[in-house]
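The values are calculated or read from the model by the stated rules, or taken from the named source; none is laboratory data. Here the structure is a predicted model, which means the values were calculated and not measured. Here Cβ is always computed from backbone atoms with ideal geometry, including for glycine, and neighbour counts include all displayed protein chains.
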Amino acid sequence: MNVRSLRGRHRIPRCPKPFVCDPEEGPFTTDEAARELGVMISTIHRWLREGVLAGEQMTRGAPWRIVLTDEVRKRLTGGEAPEGWVALQEASDRLGLTKSHVSYLVKTGKLRAVRAPVGKRVCWRIDLSSATCGVQPHLFEQMTKEDFKEEEYDTTNGFARFRCPKCRNESLLAFSCKSRLCPSCEQKRMLLFAEKVTGDVLLAVPHRFWTFSIPKAIRGIMLRDRRLLKLIPRCAFEAVKQAMKEALPCDSAAGWACGAILAIHTAGNLLQWNPHIHGIVSEGLFDRQGKFHHMPDLDAKLVEDLFCEKLLAELLKKKRISPGLVASMNTWRHSGFSVHSKGAPADPQDPAFFHMLRYMVRPAVALSKMTFDSENKKVIYRVNFNAMLGTDRIDVDPLEFIAKVLMHVPDKNKRRVIGYGVYSTRALGERRKQARGEELAAGIGATVSDYEPLTEADEFAKRRRQSWAKLIQRVWEVSPLTCSRCGTEMRVVSVITEPVVIDKILSHIAKKDRAPPEEHPAA
């Protein structure tokens, strides 16, 4: 029995609605605040939950009391942004933080921002001058003679000297540190993987991206015995292949295969132990003659059931789980296994396709999400809000944080990215051998001995060194070889790596207060 029925039965009059003290500032309820700001009530609740809008409740479940000051209205009603305020993506680039971290700073009031109209949408515009973490210059911003100072640019790793053949403009580009935890170097590794997969591995057929996750009941088993991690991608591949064969109208699918590249991940968004798989699979099967049969409408629920059945059978076979646990999990309303798929763009050179491949091999820890609270001696790791854990950050002791990170370091000589079917190492080797034989038969290349000294790794390493500028342009949409004055492609005239030479060059530039001297065209 609720309050309304009790009031009606005993004829108790309703309490008059209290008069709002200030019709401009409130306090308002959620529906009144929605009308004042011109948004949906669900948006008000989301802003309250994320901290964008401040409000209070007298008790749990009581109506919200929201105060709308002039500053809050100006920030949320979509007014014009002051000059110099930038969009979320540009703020992320300038601050060296992820977009989710910048959003967190905006929500917590550490960055000033307003919602400004952009076409038909209303987007955040952020004031970078209010940032306390320091603004970084744009990547590959041209260095002038005033910029050659050690306190502004770290040149201890050396730099390359570029010159425009048309206008003779020169610039310097510092080298990366090549450390394992450097975000720039890790980004390069992801780019190289995506470049190799799109250029050397994938065939010209439709593909689909898949994600496989397992229940908490068996995650601890994988932590205690990491050798069992290899069962997850193998069972995932077998489940997808069997689902494709069962969906075929004919029964003569013996020997047919699909292609898959699956990556093993062990970290959740808050660095908890969460083994799962990200991968790309051909959207169909190849018959024995090599003809591709497209199958776009594959039932993800069927793949999930097969994946669950195969993985539990393998763990039961290895005596890692008991038959009682398997019988109990089969009675659960939700088994805890999860399978999701998404169609990949048709063009492998599409930026979205390239981004998904990079996401497949992303590292467990993002340095841009990590800060250190020197006052409390805590490491703060911020991510998007995790509804299951009820938080968007972890505050831990430095040693505990190191322990969390070490938990996700793979064992030595263990592969994290595995190819199956037509994308397996053996299949790729046979395909490459066949292609070389066809080239020799057609008279392309001299002899087989020309190919023997150059291995696959050597060939890719050579292309990698040549395509570094293209990889940079894929991510930042800025070519480091483009002249800022005339737009002509610049050329590398020298590479400086010796610390003594670096110091001499920069000291000479600072002393003479001029740009690097030009060399003779014939040099």
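Side notes on the structure shown:
- Residue check for Ala366: at pLDDT below 85 and of a type in the set (Gly, Ala, Ser): yes
- Qualifying helices (runs of 4 or more DSSP H) (wholly inside region 319-418; at least 2 residues being under 20 Å from the mean Cα position of the chain (by Cα) and over 19 Å from His276 (Cβ atoms)): 351-360
- Pairs with Cβ under 8 Å, 6+ apart, first in region 123-134 and more than 15 Å from Leu88 (Cβ to Cβ) and of a type outside the set (Phe, Trp, Tyr), second surrounded by 17 or more Cβ atoms within 10 Å (Cβ to Cβ) and modelled with pLDDT under 75: Cys133/Leu95; Cys133/Leu97; Gly134/Leu95
- Considering Leu285, Leu271, Leu203, the condition of being touching a strand residue (DSSP E or B) at 6+ places or on another chain (Cβ under 9 Å), touching a residue at least 40 places away in the same chain (Cβ under 8 Å) and within 30 Å of Ser368 (Cα to Cα) is satisfied by Leu271 alone.
- Residues in region 402-418 that are in contact with a Lys or Arg (Cβ under 9 Å, 6 or more places away or on another chain) and either at pLDDT 85 or above or within 15 Å of Phe237 (Cβ to Cβ) (or both): Arg415, Ile418.
- Within region 271-297, the set of residues being surrounded by fewer than 18 Cβ atoms within 10 Å (Cβ to Cβ) and outside any strand (DSSP E or B) comprises Gln272, Asp287, Arg288, Gln289, Gly290, Lys291, Pro296, Asp297.
- For Phe193: the one exception among (1) at pLDDT below 90; (2) touching a Phe, Trp or Tyr at 6+ places or on another chain (Cβ under 9 Å); (3) farther than 30 Å from Asp395 by Cα; (4) part of a helix (DSSP H, G or I): (2)
- Criterion (in contact with a Leu (Cβ under 8 Å, 6 or more places away or on another chain), under 16 Å from Phe292 (Cα atoms) and at pLDDT 90 or above) met by exactly one of Lys241, Lys245: Lys241
- Residue within region 346-361 that is without any contact (Cβ under 8 Å) to a residue 12 or more places away in the chain and charged (D, E, K, R) present: yes
- Looking only at residues of region 55-67 that are surrounded by 14 or more Cβ atoms within 10 Å (Cβ to Cβ) and out of contact with any Leu (no Cβ under 7 Å at 6 or more places or on another chain), we find that the one that is farthest from Val122 (Cα to Cα) is Pro63.
- The condition of being under 16 Å from Ile218 (Cβ atoms) and surrounded by 11 or more Cβ atoms within 10 Å (Cβ to Cβ) holds for only one of Met370, Met356, Met329, that being Met329.
- Among the candidates Gly290, Gly336, Gly268, the residue that is in contact with a Pro (Cβ under 7 Å, 6 or more places away or on another chain), modelled with pLDDT under 90 and in the same structural domain as Met222 (by TED's automatic domain parsing) is uniquely Gly336.
- All conditions in (1) in contact with a Cys (Cβ under 6 Å, 6 or more places away or on another chain); (2) at pLDDT 90 or above hold for Glu309, with the sole exception of (1).
- Taking region 341-353 as the range and being within 26 Å of Gly268 (Cβ to Cβ) and either charged (D, E, K, R) or surrounded by 13 or more Cβ atoms within 10 Å (Cβ to Cβ) (or both) as the test, the residues that pass are Ser341, Lys342, Ala344, Phe353.
- Residue in region 241-258 that is assigned to a helix (DSSP H, G or I) and touching a Cys at 6+ places or on another chain (Cβ under 7 Å) present: yes
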